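Asker: Dropping the structure in here first, questions after.
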Amino acid sequence: MTTLTPDNLQDAASANLADDPRRRAPLVTGDQDFASVTETVTHLALRKPPRAWYIAFGISMALLGLLGVLILYLILSGVGVWGNNQPVAWGFPIVNFVFWVGIGHAGTLISAILFLFRQNWRTGINRFAEAMTIFAVVCAGLFPGIHVGRLWLAYWLVPYPNQMAMWPNFRSPLLWDVFAVGTYATVSLLFWYVGMIPDLATLRDRATTKIRKIVYGLLALGWRGSNRHWQRFEKAYLLLAALATPLVLSVHSVVSFDFAVSQVPGWHTTIFPPYFVAGAIFGGFAMVLALAIPARQWFGLKDLITPRHVDNMAKILLGVGLMVTYAYATEVFIAWYGQSPNEQFAFINRAFGQSGWAYWVMVTCNCFIPQLLWFGKLRRNLWLLWGVAVAVNVGMWFERFVIILSLERDFVPSSWGQFMPTWVDMGMLVGSFGLFFTLFLLFCRYLPMVAIAEVKTVMPQAHAGHGDKQYDDVETDESGTADYRIP
Amino acid sequence: MKNAVTTDHRQSEPDTRQTGPAYWRSLEELAETEQFRAFVENEFPGYEPEQFTGPNRRQFLAVMGASMMLAGLSGCRRWPRRKLAPYTARPEGFVPGKFERYATAYEMAGVAKPLLVTAVDGRPIKIEGNPDHPASRGAADLYAQASILDLYNPHRLQYVKHRTGDKVAESTWSAFGKWSAERMAELEKKQGVGFVVLSEATSSPTVLRLREQLQNKLPKMQWLTWEAVHKGPNPIGLDFEESMTKLLRPIYHFDKAEVIVSIDNDFLMMHPNAVQYAREFAAGRNPDNGRMSKLIVVESTYTVTGSMADVRYAASPYRINAISEQLHKRFNGGGPCEDEVAESIYQSIKDHRGTSLIVPGFYGSHALQAWKLNQLLGNNGKTVTYTRNPDSSIASTIPDGIDTLLLIGGNAAHDDWIRTSERISGARHTIHLTHAENETSQLCDWVLPRAHYLEAWGDCRSYDGTISITQPLIHPIFEDAPREQGGRSVIELLAGLLGEKVTRDTGHKHVRQTLKPQLPDEKTWRKSLHDGLIADSQFKTVVVAKEGQRPETPNVDADFKWVLQIRPDYSLYDGRFADNGWLQELPDPITKIVWDNAALVSPADAKKLDVEHGDLINIEVAKVPENIKLALPVYVLPGQADGVITTTLGYGRTVAGPVGTGVGFSMARLREGVHEITSISKKGPKYKLATTQDHHAIDIVGMRRRGAKVGELIREQTLHDYQHPHEDHHGHGTTVPLTMFGEPDLGDPEPDYRWAMSIDLNKCTGCNACVIACQAENNIPIVGKDEVAMGREMHWLRIDRYFAGDAESADVRAVHQPMMCQHCEDAPCEQVCPVAATVHDAEGLNVMVYNRCIGTRYCSNNCPYKVRRFNYFDYHVKPHNEGHASAIHLGPPDAQQHKIDPVRQMQFNPQVTVRMRGVMEKCTYCTQRIQDAKITAKVEHEQGKRESAIVRDGEITPACAATCATGAIVFGNLKDKNSRVSKLHHQQRSYDILGELNVQPRTKYMKRIRNVEKMEDRTLPNEDHA
């Protein structure tokens, strides 16, 4: 296991960061060939994982256990175990829901949109970004389910013919949410899985135990790597990418409708859909960074997730951060310009009222701290970058919290209140991270963390035969993945 | 399967050769192609009837598979199991489930509150006022209404308890009977020496008659009357003597007065006759018919009456005494008063001879001054009349060395300022007749369960003396067949002591016997029983010609810096309601505190003492033989007089069941009234005060906004501005339509009703009676102090109280605004519910479907009035005073309700669903009453008893409106242009709250009118206070 120190991070960073206009920067560094790429990625899945994995997994499982116990407590007693009250009828569960849905954005964005835009650098990070998406959506899906007062009846949200002769209320944004998140989860899962099929075949072929052979074999759907397989695979992947792309924008737009369609001052704003999408991408990218930086170090993926990848993501983070800042500014401007006293008060109260501290945490984390990323030197300091990414995640959680706190003071002053989370609220927030990391660590342990086949396509060896005699000897391994060896 | 459709080719084939195609449908027809022929044969292309009719294996499996799966989903619902037990022989004239109403009366502190009680299937469930009785006219105060909960208190005393030494054993009535017979025989030998009865104040003619009998039997016994609230709303009223022999009781006529001056008298709420007074006061304040009296209030703390005042002065009790004195001098020809308040009062009333009214307070000697002033102004006999006070002697001491002490009701040991507890423990034998065990019964040998007034026969007199018969609606709940257990009434106890054998008929027999002179025959008896009163039985009016003696000298000593004023509590009174959850959780009308009492301090004093909201302070009160130390949390109240700290009685009970024990701070060692404070100091940590409004100290941003917003929510005007509408700044300007869509289609024919409500802020005193009425009617649970502090109170109807004016000065105005679901025509809640659990009905009601609600709480977020309430737990089951974990229920969640105490369940209104946890709820406009009236109208119409099946105006009264003494709440049908609500909605004073949101509320409010010369922009206060 490599020790994570600033020094060796800096060394690695110098490899492919220089911009030479005459040639593209390499997307895979080090002395990597096709076989070593395969070996690097499958190593973790097929061999005993490092000790850090066990420690991390233990902690995650403990937190997941906490979440489980708290959910049981919730079911047995009632949703009053949270701090929710009248007027703040939505509290941490909805904050956590929106937060996790937002995290779930970057994966599909990286996979689908960057794929369609032919951003080849995405190959190093797309797989686990997608995995992160799926797990974030799992966390997100949990909260609305347990949030309702009678959760054993939550299935009434689904339109199905029933003895009550009742449809759900199609005018309600919460119902749109059910559809939007459901669709997004389905498509993301399909996209992730379909993209993983060739790599699952690689794992199947390299698996040593019987159970693994069977499980990976089933998951690989009989992939043999024939030309026809590849052709269809690529077509399907392209189509799914095209299908997933609008969903990236739609999911969080719909989630924002939960707020924008209502008439609570501070919620009822037309800027919410783009604002939410920008915020989601912001938070999602921050989470990818926060996960990628330690993962590449611990799992020896530094050659595949190169400093250039990290740098690119940092730039995107900065860019999206500016969009989010702009959205905050616009919101305040419109509140002033719109001359609605209710809305004006909502924003003054947000910043200077009883819960103003939350607003300033949000602004600091989302607007001020990312400005550090203007500087290349700071961007390349992975410790600092990781810190920024975590800060953005904190800031994005607070953004949703601040939105929820608009409920504290709406139209009738006699009903103003204050929201105070209970220990159960806190425990469930922490526990949701347990759920997320448990799933993520299982993914690291058993599935290919980097898209092996895709990475190979962006290696120079992949372009053998294009006038370069160097790569003439081509062998094909059992999985059909071309295994080029430099003579 | 298209081939399976058989068609007769020969018939459909056009025989062109015979007729020739006159018209052709297409070129193909003309061409008579094969394809066209096939197309014509298949009349509905794409329709395959076999799909629906023909048996087909694949389809059968597909349909069945889907059905099974969906049936599985439907099967997720568990249906609650209920048992039905039909009558084997139904009592004659009894219809199960039918509501029946009986007149009765509740006696509290010696004054009857006439009632009409609703019973269903033999259990009383709801208390309202007796519409035929002048003291009620349909309204009941909150105590009377909440007393139904006392009936079903599971922690009531159920059986006779006998204490010997330290041992307490369960005993029986017959054991007590045997013991008491022996005691009585012994006492009779001594002519009753050493026998003392300490009774609650009572006006019951039967009890008084039995008392006389007892007195005859034991001539040397002592019968003392004990009430904790001594000079407050007690039957004495006017505290001076006429010819040194009889005390007088003043009866005010607020509807006849043009200018009313209240000298620290909270007559709109803390008065035994408050219901009648509130009604008459409101009748005299109608700005629309030109009869608008002016109310001037001088008081030390903010009271309900103070909040209704046109002009209110805050003054310490000593200054109030001085004002009273100075006014007296001024009217006797003295020069201008030193005190500007006194002078301004003088200026206001001097020209209103015979039409003004001075209402004296209960502290100091205002009563005498007031009588004199009213005499000078010629008001006596006009706006105020006097009757003899029936019972004058409230005990001020209890003799030492008692042999046998009989305590009838009350809680003398808790009211311990004259060491009553020592006297009780000092007695050789002690007997206590009580509803529930309290501090007093802890000291007694025999603790006897007392029957609730709805369980026993009795009689009592209202404030004006009218006799009402108290008739039982249910047998004593915990009574067993031989009457060994369960409650007995005072009458039954006294009859038992007089040697009678107590049977179920004893009470009835005695009451009839007592009322024989008034009700000689069965007919008159039945009529009085039905009407709830004996006509013309009120006390005779007496004319007071000569001035009486002053019983005590006014204590005018300006040197006192701080005083502690102790008042009866708006919710708990003297503490007798401490184990009543509804009243504990009822917000104080002014402070909105629940489950606590606090030290009310003026903002200026708070600065001076360097204390804020929730700080605990130590107060030392000067008393002989030793000073009394108290700890109290601070509540900073605008409008409180400087130098006065006010708090209330009734809290800090140590033995008051699971509800009342340990709630608040005890004032037991001090009696009601004014006490000198020797020292005040700040003490340790903060104390959590739970309030239903202004949950915590407010920041500057919020305070400014609240100030601005209150001006939109509460509209006020001076009488002059109102009567001259051209100067009206809030008048109806051009109405800009807020929507481009027309009225929604309500179906054809349009429904007969458009339900709506009107609330008159000019009449609402904030007395809370409606809040309790709503709670009783709609099975609303209590949640406990911690849950209220979190903001989870369940009251469907709340009363918002707003202050206006400069909080630092004493000139602060208060307005009450009852707030419940506004039944918006364009309701924001309905649009956002994902499962359509809150929907609109054709009559305009915003309907809440509990069964369908899954509890997303989105509706509550989107409700601009924040009137929706959510069952965060099963509050009927969860103990109110324990943490969240106490709500854990193992088993199906909808079975949790089975754990509700069976005795408590008896109070539930069977027409209203008892909501389980996870469900949203809110005001329904009492939809059950609407349905009831509609069904009755329809049935009567079909029976030919009425012309139209349409409910007439006034036939439906929601629980809140029914009990409102001032008639501030009016409900009705907008479709009927002549209904009261239609007229009120089109009245000039009517306005929508948050109308700018275009939610189109069906509830409209009516402006508050203040009878003052000038109100500097009173609707837009600069600052408001927490």
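The values are calculated or read from the model by the stated rules, or taken from the named source; none is laboratory data. Everything quoted here is computed from the prediction, not taken from an experiment. Neighbour counts are summed over all protein chains in view; Cβ atoms, including those assigned to glycine, are modelled from backbone coordinates with ideal geometry. Protein only, heavy atoms only, side chains kept; ligands, DNA and RNA dropped before computing areas. Shrake-Rupley method; radii C 1.70, N 1.55, O 1.52, S 1.80 Å.
Asker: Whenever you get a sec, compute what percent of the accessible area on chain A sits on carbon and sulfur atoms (1.4 Å probe).
Answerer: In chain A, the share of accessible area belonging to carbon and sulfur is 67 percent.
Asker: Normalising by the residue count of segment B:244-390, find the relative contact order in percent from Cα pairs under 8 Å and 6+ residues apart.
Answerer: 33 percent
Asker: Something else: Rounded to two decimal places and with Rh computed the Kirkwood way over Cα pairs, what is Rg over Rh for segment B:563-691?
Answerer: 0.94
Asker: Moving to a separate point now. Go ahead and run the numbers for FRET between A:LEU72 and B:GLU882, Cβ-Cβ distance against an R0 of 25 Å, rounding to 0.05.
Answerer: Efficiency for this residue pair is about 0.80.
Asker: Now, a different point. Tell me the Kirkwood hydrodynamic radius of chain A in angstroms, computed as one over the mean inverse distance between distinct C-alpha pairs.
Answerer: Hydrodynamic radius (Kirkwood, Cα pairs) of chain A is 24.0 Å.
Asker: Ballpark to the nearest 100 Å², how much total accessible area do B and A bury together, probe 1.4 Å?
Answerer: 5600 Å²
Asker: Oh, and also: With contacts defined as alpha carbon pairs under 8 Å and 6 or more residues apart, what's the relative contact order of segment B:563-691 in percent?
Answerer: Here the relative contact order equals 39 percent.
Asker: OK, next. Let me spell out the model: positive unit charges on the Cβ of Lys and Arg, negative unit charges on the Cβ of Asp and Glu, origin at the Cα centre of the protein assembly as shown. What dipole size does that give, in debye rounded to 20?
Answerer: Computed charge dipole of the protein assembly as shown: roughly 2300 debye.
Asker: So for B:MET703, A:MET396, what's the accessible-area order with a 1.4 Å probe, most first?
Answerer: The most accessible residue leads, giving B:MET703, A:MET396.
Asker: Which lysines, on any chain, are close to B:LYS126 with Cα under 16 Å apart, when same-chain ones fewer than 8 places away are left out?
Answerer: B:LYS98, B:LYS113
Asker: Continuing with this model, one more query. Between A:LEU190 and B:ASP901, what is the label-point separation in nm under the 7 Å Cα-to-beta-carbon projection?
Answerer: 5.9 nm
Asker: Per 10 Å bin, what is the whole-percent P(r) computed from every C-alpha pair distance within segment A:254-327?
Answerer: Taking every Cα pair in segment A:254-327, the percentages come to 19, 36, 23, 15, 6, 0.
Asker: Only sites in a loop by DSSP and with at most 11 other Cβ atoms within 10 Å count here; which GluC sites (Glu not before Pro) in segment B:577-626 make the cut?
Answerer: In loop regions of segment B:577-626 (DSSP not H, G, I, E or B), the sparsely surrounded GluC sites (Glu not before Pro) are B:GLU626.
Asker: Looking only at Cα atoms, what is the convex hull volume of segment B:72-193 per residue, in Å³?
Answerer: 311 Å³
Asker: Give the residue list of trypsin sites (Lys or Arg not before Pro) in segment A:67-155 that are DSSP loop and have at most 11 other beta-carbon atoms within 10 angstrom.
Answerer: A:ARG118
Asker: Moving on. Counting alpha carbon pairs within less than 8 Å and at least 6 residues apart, what relative contact order, in whole percent, applies to chain A?
Answerer: After rounding, I find 31 percent.
Asker: Distance in nm between label sites at B:SER948 and B:ARG419, each 7 Å beyond Cα in the beta-carbon direction?
Answerer: 7.3 nm
Asker: Please report, as a whole percent, how much of the solvent-accessible surface of chain B comes from carbon and sulfur atoms (probe radius 1.4 Å).
Answerer: 52 percent
Asker: Note every residue of segment B:856-897 with a reduction of at least 30 square angstrom in accessible area, all protein chains present versus the isolated chain, computed with a 1.4 Å probe, or write none.
Answerer: B:THR856, B:ARG857, B:TYR858, B:ASN861, B:ASN862, B:PRO864, B:LYS866, B:TYR872, B:PHE873, B:HIS884, B:ILE888, B:PRO893
Asker: Would you check the accessible area of B:CYS853, probe 1.4 Å, heavy atoms only, in square angstrom rounded to 10?
Answerer: 10 Å²
Asker: Percent of alpha carbon pairs in the protein assembly as shown separated by more than 52 Å?
Answerer: Summing the P(r) of the protein assembly as shown above 52 Å gives 43 percent of all pairs.
Asker: If I model a spin label at B:LYS329 and A:TRP152 as a point 7 Å from the Cα along the Cα→Cβ vector, what separation in nanometres do I get?
Answerer: 7.7 nm
Asker: Ignoring ligands, DNA and RNA, what accessible area per residue does segment A:24-475 give at 1.4 Å, in Å²?
Answerer: So segment A:24-475 comes to 37 Å² accessible per residue, rounded to a whole number.
Asker: For a 28 Å ceiling on Cα separation, which of these pairs sit above it: B:LYS523/B:LYS763; B:LYS161/B:LYS516; B:LYS688/B:LYS866; B:LYS607/B:LYS688; B:LYS561/B:LYS683; B:LYS256/B:LYS763?
Answerer: In this structure, B:LYS523/B:LYS763; B:LYS161/B:LYS516 lie more than 28 Å apart at Cα.
Asker: Enter the angle in degrees (range 0 to 90, nearest 10) between the Cα long axis of helix A:92-108 and the first principal axis of the Cα atoms of chain A, meaning the one along which they spread out most.
Answerer: Helix A:92-108 sits roughly 30 degrees off the main axis of chain A.
Asker: What range in chain B is the longest one free of chymotrypsin sites (Phe, Trp or Tyr not before Pro) that are in a loop by DSSP and have at most 13 other Cβ atoms within 10 angstrom?
Answerer: Excluding the exposed sites themselves, the longest stretch runs over B:95-740.
Asker: Straight-line reach from B:LYS217: which lysines have Cα under 18 Å away, leaving out those fewer than 8 places along the same chain?
Answerer: Result set, ordered by chain and number: B:LYS189, B:LYS190, B:LYS501.
Asker: Can you give the helix-only mean residue ellipticity at 222 nm for chain B, where every DSSP H stretch with n ≥ 4 adds -39500 (n - 2.57) and the sum goes over all residues, rounded to the nearest 500 deg cm²/dmol?
Answerer: When only DSSP H runs of four or more count, the value is -7000 deg cm²/dmol.
Asker: Take B:VAL168, project a point 7 Å from its Cα along the Cβ direction, then tell me which residues of segment B:438-474 have their backbone nitrogen under 12 Å from it.
Answerer: B:438-448
Asker: Turning to a different aspect of this structure: Within chain A, which is the longest segment containing none of the chymotrypsin sites (Phe, Trp or Tyr not before Pro) that sit in a DSSP loop and have at most 14 other Cβ atoms within 10 Å?
Answerer: Maximal segment without exposed cleavage sites: A:171-374.
Asker: Placing +1 on the Cβ of each Lys and Arg and -1 on the Cβ of each Asp and Glu in chain B, which of B:TRP525, B:TYR318, B:SER979 has its Cα farthest towards the positive end of the resulting dipole?
Answerer: It is B:TRP525, whose Cα lies furthest towards the positive end.
Asker: Binned at 20 Å from 0, what are the whole-percent values of the Cα-Cα distance distribution for chain B, short to long?
Answerer: Distribution as computed: 11, 40, 32, 9, 4, 3, 0 percent.
Asker: How much accessible surface area, in Å² rounded to 10, belongs to the heavy atoms of B:HIS613 with a 1.4 Å probe?
Answerer: Rounded to the nearest 10, that gives 40 Å².
Asker: Average the reciprocal distances over every distinct pair of alpha-carbons in segment B:299-371, invert the result, and give the Kirkwood radius in Å.
Answerer: Value: 12.8 Å, from the Cα pair sum.
Asker: Given charges of +1 on the Cβ of Lys and Arg and -1 on the Cβ of Asp and Glu, with all other atoms neutral, how large is the dipole of chain A about its Cα centre, in debye to the nearest 20?
Answerer: Computed about the Cα centre, the dipole is about 540 debye.
Asker: Convert 10 °C to kelvin, take the viscosity as 1.306 mPa s, use the Kirkwood radius over C-alpha pairs of segment B:91-162 as Rh, and evaluate the Stokes-Einstein diffusion coefficient in µm²/s, rounded to a whole number.
Answerer: 117 µm²/s
Asker: Which order do you get for B:HIS986, B:HIS452, B:HIS162 if you rank them by accessible area with a 1.4 Å probe, largest at the top?
Answerer: Largest accessible area first, the residues go B:HIS986, B:HIS162, B:HIS452.
Asker: With a 1.4 Å probe on protein heavy atoms only, tell me which residues of segment A:345-386 lose at least 20 Å² of accessible surface in the complex relative to the chain by itself.
Answerer: A:PHE345, A:PHE352, A:GLN354
Asker: So what is the calculated 222 nm ellipticity per residue for chain A, using -39500 (n - 2.57) for each DSSP H run with n of 4 or more, over all residues, to the nearest 500 deg cm²/dmol?
Answerer: Computed mean residue ellipticity for chain A: -21000 deg cm²/dmol.
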